[in-house]
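Before any comments, here is the structure.
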Amino acid sequence: MVQAVQRYVGGRVLRKEDSRLLTGRGRYVDDLALAGMVWMAVVRSPYAHARIKAVDVAPARDMPGVVAALSGDDLASEWAGPLPCVWPVTEDIKMPQHWPVAKDKVRYMGDAVAVVVATSRALACDAAEAVQVEYEPLPAVTDVEAAMAEDAPLVHEDLGTNKSFTWSHGGVGDVEGTFAKAPVVVKERYWHPRLIPNAMEPRGVLVQPGLSQGDFTMWSATQIPHVAKVTLAMVTGISEAKLRVVAPEVGGGFGSKLDIYAEEALCLALARRLQRPVKWIEERSENYLATIHGRGVLQDMELAATEDGKLLAIRAKLIADMGAYFQLITPGIPMLGAWLYGGCYKADAYWFEYTGVFTNQTPTDAYRGAGRPEATYAIERAMDALARRVGKDPAEVRRMNFIPPFSEPTALVTGLQADSGDYEATLDRALELAGYDELRKEQKARLDRKDAKLLGIGISTYIENCGWAPSSLLGAIRYAGGGWDSASVRVLPTGKVEVFTGTSPHGQGHETTWSQIVADGLGIPFDDIEVFHGDTAVSPLGFDTYGSRSLAVGGVALKMATDKVVDKARKLAAHELEVAEVDLDYESGRFSVKGAPKQARSIPELAFTAWQAHNLPPGLDPNLEASATFDPPNFTFPSGAHICAVEVDTETGKVDFLKYVAVDDCGTVINPMIVDGQVQGGIAQGIAEAMYEEAIYDENGILLTSSMMNYLVPSAVEIPVATLDRTVTPSSTNSMGVKGIGEAGTIAAPPAVLNAVADALSPLGVTDLQMPVSPQRVWHAIKNATGRNGGPA
Amino acid sequence: MGTRRVSLRVNGVPQEAEVEPRTLLVYFLREGLGLTGTKVGCDTSSCGSCTVLMDGESVKSCTLLAVQADGREVTTIEGVAEGGELHPLQRAFQENHGLQCGFCTPGMVMAALGYLQKNPTPSEESVRLALEGNLCRCTGYTNIVRSILAAAPAMNGHAAAEAGVPGG
Ligand code: FES
Ligand code: FES
């Protein structure tokens, strides 16, 4: 492949991953098969809440091709521990035990009650249907407020309550006093619906037992092979040293594969029991029940301000739907947004707290943005409400409240130190690109002529914190894992390079960006670099890929390892050229003697002599190879301004996009093509959230949006083209100046869309508008506000 | 359980096999022939990950039985590149960053190929409509649409050069 750019970092370098993916040679879990492999299928509860009276697996066991059929009780001896939740957010949190297969009670529709194993996918499916389960249905609870009522059915009787915990940020300043005295108080209530992540590749697992060694290799469609190795060793009792986890090609995650699932533990346990390779592939409708959901948060948001719109205090109180059990980090998700309800604005006082509540629904957990979309939605919608209240333009209210530009750590109202930011610059650029003044004129003209199609303009000036670290801080907030990551760089004797990373990409293109970093650092051709990831047998210990952390943590570790290789090579070059290290210049992989540039050594030459080790300086080990670990001193804080213009048909409630402009700031950019791709994709997911998607359960806990037929994942027809631009404010958190960008679009977009629709409808008196803004919902909002069946104001 | 004999051409290669009548074409391709490039993303014919060409028409191979492909010419993603060279459409996907995780990509490429072969000078809107049955969760579609629009002129040249190649 011909690469047009000379210096890779910052260039629009085409992806290494693409040629295999475009020709059908990518190998995802379902593309793998092993000799003697058998298939697992899971028998799932059709009820949201029921006592299990009896499980009869005998009819399945007797079917052709069936090699095992087992109930929760049959499997109980397999577990050394329950499925992990690694974020018990408070000391007094009520933690239910979560076993891979339910034993006494099912607690959500889709809860596993038995498994069958057969010699083919189809036979396993047939056998699962033959398992007889006798249930005693119980009343279900699906609403977070109802779940906290005295007489609510209990999801976990042994806990005595559905309320698991309340976590408080602790507050900054005099919150009560400021609200009591403030001339303007805005109170808003927002419901953030449950969302179904819908990575296009469903989950899947394949486990191969190594017959002689007692070891196990697990291929899983996961974002977190490293975390899976540690935690699944604890669940199954398999020695961690005998467990290898591989994330092969993974078809998207968005947080839904940032988890440890029952099926992974089950395939391991069954492979151990049967001593055969065991495979399970999730069906899409199964995915809707058995893979985590996102969001599901009720938010009470209050702002205190002056008459002219200067922000004084923020108070946010949330009730978060945990679902029926805790998955890996379920209780901590709203905490990911705990320091963001003040946005990028100055204020004096801050309060945030949230309560986690169990319901008879699929467990919730991280979904793209995780906590930060909720926070950004709340503050950005409330800022618009404040602007309306004080009679100012929403751009103006934001501008007067922005934290001024800064390049060194600066405190947000929430107490966090942000790394760098220039919020006004991004807003100015976005306003210009959107043609804001023209849009406002057009909006007024439509109102004046009583046009049935009103125009609305929505602004969202977001900030988020990603690249969670340092590890000591994660410890302080009771998160069990660390925030560091690592990388190794090995220059081979022939000058080719092997790169090993602790990150685990599933669409982000790390093979490309990591190669760019190393190619520039070592002056080695891009195509001579191979990046190895997602296999615990070859990559260094790491913390995988989620939360927009890979570049800001793992990429920086890689840069550090690359620099170490250069330092080592310099020592060897100085020795071979018989000069002092300070007498060497280094450029593009070549050391040359100052003043005598013909006397030089290249990195590949040095890699060869370092491997021969015939003539090394004292104290220098053979080989050009180095590892580094980076535990960042702080988060990174990407920010940006998104502006959305919509046309709302007041007669039908239909919302059409006229314009979507996004100006993002993720600090230094390694590959602008990949950054733009992340932003476009993130915005699409945010728009989907704002306009189309919502998991709906009935009062019995039956998931009504149970497949892609009735849960609307938008297609190319629904998603508009966003105009993208960026500002560059390098992060002060890391030496590369980079910030995460994987989630920004999804964090920024929903309030931009909702603010636009609300802006269009506010002349009609519409004040309450919730996601998703479907035509029906818009039409009803208009009807409720005007008493009329739509039509112009 | 009775089986039935099917004979068809897949990527230009004649294939004969005994299949269970209930076997879906997508599983015949993936598990019977080992052509795992074609993906399965749903169980409701909604996602288009399984799209292949049958006699030049793009079809969702999860909605067809293998026996329905008897006597037909099927092209999968594995049959698009020729002689180790990416097809202009595949190249356009790479150049326009029309893929991220790559899972929807085989289906997208096949849907686009079927469409472009009939509509050599498409508009953006018509491309979007043509892709309505193919879901992507990563890209937001912008770059997929760009890829297809960029491929159209290149493919016209390509198709002319190879007119008459079956299933091309
Ligand atoms: S697999 Fe989804 S449409 Fe065929
Ligand atoms: S590239 Fe991941 S689903 Fe389309």
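The values are calculated or read from the model by the stated rules, or taken from the named source; none is laboratory data. Because the structure is predicted, anything quoted here is derived from the model rather than measured. Here the Cβ is made from the backbone with ideal geometry for all residues, glycine too, and neighbour counts use every protein chain on show. Remember, those area values only see protein heavy atoms, side chains included, never the ligands or the DNA or RNA. Shrake-Rupley method; radii C 1.70, N 1.55, O 1.52, S 1.80 Å.
Of the residues examined, residue B:111 is one that is closer than 23 Å to residue A:27 by Cα and in a helix (DSSP H, G or I).
Please work out if residue B:103 is under 25 Å from residue A:511 (Cα atoms), more than 16 Å from ligand 1 (Cβ to nearest atom) and either at the interface with chain A (Cβ under 9 Å from one of its Cβ atoms) or part of a loop (DSSP other than H, G, I, E, B) (or both). Criteria not met by residue B:103.
Taking the stretch A:717-734 on its own, how many of its residues are assigned to a loop (DSSP other than H, G, I, E, B) and away from chain B (no Cβ under 14 Å)?
Summing the residues that are assigned to a loop (DSSP other than H, G, I, E, B) and away from chain B (no Cβ under 14 Å) in the stretch A:717-734 gives 8.
All of A:717, A:738, A:753, A:721 fail the test of being aliphatic (A, V, I, L, M), in the same structural domain as residue A:430 (by TED's automatic domain parsing), more than 16 Å from ligand 2 (Cβ to nearest atom) and open to solvent by 20 Å² or more (accessible area, probe 1.4 Å), apart from A:721.
Residue-level check: of (1) open to solvent by less than 10 Å² (accessible area, probe 1.4 Å); (2) touching a residue at least 60 places away in the same chain (Cβ under 8 Å); (3) more than 14 Å from the chain's Cα centre (by Cα), residue B:107 misses just (3).
Mind checking which helices (runs of 4 or more DSSP H) fall wholly inside the stretch A:224-291 and carry at least 3 residues that are more than 12 Å from chain B (Cβ to nearest Cβ)?
A:225-236, A:262-274
Checking each residue in the stretch B:47-57 for being crowded, with 22+ Cβ neighbours inside 10 Å and away from ligand 2 (no atom under 12 Å from the Cβ) picks out B:50, B:51, B:52, B:53. Taking the criterion of being among the hydrophobic types (A, V, I, L, M, F, W, C), within 16 Å of ligand 2 (Cβ to nearest atom) and under 14 Å from residue A:544 (Cβ atoms), the residues of the stretch A:198-253 that qualify are A:221, A:247, A:250.
Based on this model, can you work out whether residue A:12 counts as charged (D, E, K, R), more than 27 Å from the chain's Cα centre (by Cα) and part of a loop (DSSP other than H, G, I, E, B)? For residue A:12, the condition - charged (D, E, K, R), more than 27 Å from the chain's Cα centre (by Cα) and part of a loop (DSSP other than H, G, I, E, B) - is not met.
Pairing each residue of the stretch A:763-783 that is of a type in the set (Phe, Trp, Tyr) with any residue that is part of a loop (DSSP other than H, G, I, E, B), provided the two are 6+ apart or on different chains, yields C-beta distances under 9 Å for A:779/A:650; A:779/A:651; A:779/A:652; A:779/A:653; A:779/A:654; A:779/A:789; A:779/A:790. Only one entry in A:64, A:46, A:59, A:88 is under 30 Å from residue A:165 (Cβ atoms) and not small (Gly, Ala, Ser), namely A:88. When the stretch B:37-86 is filtered for residues that are within 13 Å of chain A (Cβ to nearest Cβ) and more than 15 Å from ligand 1 (Cβ to nearest atom), the ones remaining, listed by number, are B:75, B:78, B:79, B:80, B:81, B:82, B:83, B:84, B:85, B:86. For the stretch A:197-232, residues that are touching a Ser or Thr at 6+ places or on another chain (Cβ under 9 Å), open to solvent by 10 Å² or more (accessible area, probe 1.4 Å) and among the small types (Gly, Ala, Ser) total 2. Screening the candidates A:19, A:45, A:71, A:77 for the property of being hydroxyl-bearing (Ser, Thr, Tyr), within 30 Å of residue A:672 (Cα to Cα) and either surrounded by fewer than 20 Cβ atoms within 10 Å (Cβ to Cβ) or not assigned by TED's automatic domain parsing to the domain that holds residue A:509 (or both) yields one hit, A:19.
Results for (1) part of a strand (DSSP E or B); (2) surrounded by fewer than 17 Cβ atoms within 10 Å (Cβ to Cβ), shown as yes or no for each residue.
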{"residue": "A:140", "(1), (2)": "no, no"}
{"residue": "A:152", "(1), (2)": "no, no"}
{"residue": "A:165", "(1), (2)": "yes, no"}
{"residue": "A:180", "(1), (2)": "no, yes"}
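Is it fair to say residue B:44 is surrounded by fewer than 24 Cβ atoms within 10 Å (Cβ to Cβ), modelled with pLDDT of 95 or more, not assigned by TED's automatic domain parsing to the domain that holds residue B:142 and not in a helix (DSSP H, G or I)? It is true that residue B:44 is surrounded by fewer than 24 Cβ atoms within 10 Å (Cβ to Cβ), modelled with pLDDT of 95 or more, not assigned by TED's automatic domain parsing to the domain that holds residue B:142 and not in a helix (DSSP H, G or I).
Here residue B:132 clears all of (1) in contact (Cβ under 8 Å) with a residue 12 or more places away in the chain; (2) not in a helix (DSSP H, G or I) except the condition numbered (1). Among the listed residues B:74, B:19, B:67, B:13, which satisfies the condition of being farther than 27 Å from residue A:714 by Cα, aliphatic (A, V, I, L, M), exposed (fewer than 15 other Cβ atoms within 10 Å of the Cβ) and outside the structural domain of residue B:133 (by TED's automatic domain parsing)? On inspection, the qualifying residue turns out to be B:13.
State whether the residues of the stretch A:371-379 include one that is open to solvent by less than 10 Å² (accessible area, probe 1.4 Å), among the β-branched types (Val, Ile, Thr) and either within 25 Å of the chain's Cα centre (by Cα) or closer than 15 Å to residue A:412 by Cβ (or both). Scanning the stretch A:371-379 turns up at least one residue that is open to solvent by less than 10 Å² (accessible area, probe 1.4 Å), among the β-branched types (Val, Ile, Thr) and either within 25 Å of the chain's Cα centre (by Cα) or closer than 15 Å to residue A:412 by Cβ (or both). May I ask you to say which residue of A:456, A:475, A:483 is in a loop (DSSP other than H, G, I, E, B) and either more than 24 Å from residue A:10 (Cα to Cα) or open to solvent by less than 10 Å² (accessible area, probe 1.4 Å) (or both)? Being in a loop (DSSP other than H, G, I, E, B) and either more than 24 Å from residue A:10 (Cα to Cα) or open to solvent by less than 10 Å² (accessible area, probe 1.4 Å) (or both) holds for just one of A:456, A:475, A:483, which is A:483. For the stretch A:689-708, state whether one or more residues are part of a strand (DSSP E or B), within 30 Å of residue A:143 (Cα to Cα) and open to solvent by 20 Å² or more (accessible area, probe 1.4 Å). The answer is yes; a qualifying residue exists. Looking at the stretch B:126-139, can you tell me whether even one residue there is over 14 Å from the mean Cα position of the chain (by Cα) and more than 9 Å from every other protein chain (Cβ to nearest Cβ)? Yes - at least one qualifying residue is present in the stretch B:126-139. None of B:33, B:24 is more than 16 Å from ligand 1 (Cβ to nearest atom), open to solvent by 20 Å² or more (accessible area, probe 1.4 Å) and either outside the structural domain of residue B:148 (by TED's automatic domain parsing) or under 12 Å from the mean Cα position of the chain (by Cα) (or both) except B:33.
The single condition from (1) assigned by TED's automatic domain parsing to the domain that holds residue B:126; (2) within 23 Å of residue A:280 (Cβ to Cβ) that residue B:99 fails is (2).
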